[in-house]
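The values are calculated or read from the model by the stated rules, or taken from the named source; none is laboratory data. No experiment lies behind these values; they were computed from the predicted model shown. All Cβ positions, glycine included, derive from the backbone under ideal geometry; neighbour counts span all protein chains shown.
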Amino acid sequence: MELWVVRTLDPQTQQDLVLKLEFLCSASVEQTPPSRLLLLPVPLFPQVLWCSCPHAGMNVMSSVRRGAQRLRCTDLPLLSSFLSPPFLRCPAWSSAPPVTYLPNRKFAAKQVRKGQKEQKKPKVDKQEVEIRQGMTAAALAAAMNKDFDHVLEALLNTPVDLDSLEPDSVLEEKWIKEVVTRSGMKFRWARLRESREKPNTDARRRPPADPSLLLPRPPVVTIMGHVDHGKTTLLDSLRNSQIVSTEAGGITQHIGAFLVELPTGEKITFLDTPGHAAFSSMRARGAHATDIVILVVAADDGVMTQTVESIQHAKSAKVPIIVAVNKCDRPQADPARVKRELLAHGVVCEEFGGDVQAVHISALKGENLLALTEATVALAEVLELKADPGGAVEGLVIESRTDRGRGPVTTAIVQRGTLRRGCVLVAGKCWAKVRFLFDERGRMVMEAGPGAAVEVSGWKELPSAGELILEVESEQRVREVVEWRSHEEEQQKLQEDQIAIQLKQQRHLEEYQRQRDAHAHLSWRQRKAALYRANKTRFSMRPSEHAESHEPRLPLVIKGDVDGSVEAVLNILDGYDAQHQCQLEVVHFGIGDVSENDVNMAEAFGGSIYGFNVKASRAVQNLAVKRGVALHLHTIIYKLMEQLREELSSKLPPCVSETVIGEALVLATFDVSVGKKKVLVAGCRVQKGSLDRRLKFRLIRGGDAVWEGSLSALRHHKDDVQTVKTGMECGLSADTDMDFRPGDVIVCYEEKEMQQVTSWDPGF
């Protein structure tokens, strides 16, 4: 109930005031019934009455309140025409303070509301508090820039036990939000700024050993050069073997490591690298794992592409070079030309004042090989190659493969320490407990010192070629190392993904800003309509409802015998540049023979299987035939690429080629009646080739083709003919209404469908 104080003196004045207030109440509020007013005397103040309207609504009460306030606060002259004479003689109104009276309440209310609209309250930005789970009371107070007592005051009248609340007490999430809300602030959750750091448990190389502990070791020599220049033949002659006879196609397609003991007693570890263009990564790996590079150059062929690449690998690895000029026994051999060509690539032989030794040899006949080995041993002595045979093992993975019966096997060179059975090794994210060690001839050895090349079995997974091998204390320690390296790889991938997401968001924002700038001059309705028209086709379907692409594509499953072979094939496929013709994607690659899983994966993606130096069992071959999966097995790298290019070309749609058969010149035109219809006939003379009615024709006028189609008639004199040869005159008419003119050229051509050939060139 609301009450208003009204000053009055006698009962007559009270009654008069009641009537006037009732009238004011009924006249001020539209469509509202009049309300009764109740005047209550107050004992303490006999001249003051309380005016109440118990049954009125809020609008009526407000009207009565404003009317009563105006009656109370106004002066006598303004009420002289409104109240009765007894009230005018009231002496109590003589001391009332005069105020400005609004004559019409209706207009006054409108002005008040209009002023309220004009005077909008300014929007107050609340302070933003960053909160997180598990905050203490002190941390919350610091985030709000308040003290601890403020938190206590905000938690009054809550179930929180304030007596036991300390600054280091952890608050629940709802009470953290309650404190912030009661403080007139807004909260936001804090971002995770610092990730929990994981202790680094990676294995590292040992510091350099004491020079007094170093002992001489065999040099590691890599034989490099162009394909078919005699590298493997040279190695065969040095170790009295027949490696060339075992290589498919007569070319080396793997990197091999061999320990050769010379007649003088010195030992040299040789690395034989492929010279084919596809095995660039193998040559680079061999150059970085060696002490000396023997560059084999054929005297009758000179410096070739892979020769230059081998020189670049040796220079990048800062490894000295010895030039072996091979095939000097041939009649067309010119060793001097080879040395001059090497000058252009920064290899200066001793004959021209340089420090590079050049030895003329014949690997096939074994001529002058002793001089080559002496030069190698002399250079190794100058380099003073020594290593520490004690302590943890350090080495390098040269090659890795899956051997039937042995499992994952790696060819490794020991750089430091002595490798024995039972050692726990880690390479990348793979680890092994050494079960067996084999030399290059397959014989089991018990240990391998620095500079030795051995095959290591016992790997849990197959490491990649080029990985560093480190020995650790135990299997528990090696698992920690592998876990740490996997974690590091995941973090790096997450960082790369985050960078990619940020770039995509940035491009999206730039595109959005360009669209806004382009429509900045439009109203919001026009801008909305323009954006709808621009994006109507884009958002017409959901992404999942988009039709599948009908572009040709070829998914591949790649299998190889060793890691280096798979790496070489993948490096070639990385250079595929004909995606506009056919999409090429590698869905799976691995080491080992082709299995049923490979066939199932190729079938799922609708692709083909390519195997290099691997086999497929009869059951796998039958399964591939049954599933309709193409299975291609090759032992020579360039034949595999030729097969791949043929399959890519077969995926392309056929192209239509045109062959011009003949040309004729229009000499005159005339009309011929055929029934009731007149047909325009062109009189022509064949200038080149012949015209065949069964083929297609094109009309050329002024260098532009104005008509293409077939003939309805071809006549020589009055006879219908199929062909007209050079020099003959004929009359012809088109199958449609065509306006022939003298001077037009009519070309007869034949369309043939031809198979497209992919534009991708593997480079060899």
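Side notes on the structure shown:
- Candidate set from region 672-703 (those that are farther than 15 Å from CYS748 by Cα and among the charged types (D, E, K, R)); member that is surrounded by the fewest Cβ atoms within 10 Å (Cβ to Cβ): LYS676
- Among the conditions (1) closer than 22 Å to PHE670 by Cβ; (2) surrounded by fewer than 14 Cβ atoms within 10 Å (Cβ to Cβ), the only one that LYS725 does not satisfy is (1).
- Every residue from region 700-722 that is in contact with an Asp or Glu (Cβ under 6 Å, 6 or more places away or on another chain) and either touching a residue at least 60 places away in the same chain (Cβ under 8 Å) or not basic (Lys, Arg) (or both): GLY709, SER710, SER712
- The listed residues are ALA520, ALA529, ALA500, and the only one of them that is among the hydrophobic types (A, V, I, L, M, F, W, C) and surrounded by 11 or more Cβ atoms within 10 Å (Cβ to Cβ) turns out to be ALA529.
- Contacts under 8 angstrom Cβ, first residue in region 561-581 being over 22 Å from SER649 (Cα atoms), partner of a type in the set (D, E, K, R), 6 or more apart: ASP561/ARG401; VAL562/GLU399; VAL562/ARG401; ASP563/GLU399; ASP563/ARG401; GLY564/ARG285; GLY564/GLU399; VAL566/LYS559
- Identity of the residue in region 397-432, closer than 19 Å to PRO207 by Cβ and not β-branched (Val, Ile, Thr), that ends up farthest from the chain's Cα centre (by Cα): GLY417
- A search for C-beta distances below 8 Å between a residue of region 144-160 that is free of Cβ contacts under 8 Å to residues at least 12 places away in the same chain and any residue that is surrounded by 13 or more Cβ atoms within 10 Å (Cβ to Cβ) and in a helix (DSSP H, G or I), counting only pairs 6+ apart in sequence or on different chains, returns ASP147/ALA141.
- Of everything in region 433-457 that is among the hydrophobic types (A, V, I, L, M, F, W, C) and in contact (Cβ under 8 Å) with a residue 40 or more places away in the chain, the residue that is surrounded by the most Cβ atoms within 10 Å (Cβ to Cβ) is VAL456.
- Enumeration of residues in region 648-664 that are more than 14 Å from GLU551 (Cα to Cα) and either of a type in the set (D, E, K, R) or buried (at least 16 other Cβ atoms within 10 Å of the Cβ) (or both): GLU658, ILE661, GLY662, GLU663, ALA664
- For region 363-384, the set of residues classified as crowded, with 18+ Cβ neighbours inside 10 Å and either touching a strand residue (DSSP E or B) at 6+ places or on another chain (Cβ under 7 Å) or at pLDDT 90 or above (or both) consists of ALA363, LEU372, ALA375, THR376, LEU379, ALA380, listed by residue number.
- Inside region 559-583, residues that are part of a strand (DSSP E or B) and surrounded by 22 or more Cβ atoms within 10 Å (Cβ to Cβ) make up a count of 3.
- Listed by first and then second residue, the pairs linking a residue in region 371-388 that is in contact (Cβ under 8 Å) with a residue 40 or more places away in the chain to a residue that is part of a helix (DSSP H, G or I), with Cβ atoms under 9 Å apart and 6 or more places separating them unless they lie on different chains, are LEU372/LEU234; LEU372/LEU238; THR373/LEU238; LYS386/PRO211; ASP388/LEU213.
- Filter result for the condition that a residue is basic (Lys, Arg), more than 60 Å from the chain's Cα centre (by Cα) and either assigned to a strand (DSSP E or B) or not assigned by TED's automatic domain parsing to the domain that holds VAL586 (or both), over ARG698, ARG685: ARG685
- Residue within region 464-480 that is surrounded by fewer than 18 Cβ atoms within 10 Å (Cβ to Cβ) and without any contact (Cβ under 8 Å) to a residue 40 or more places away in the chain present: yes
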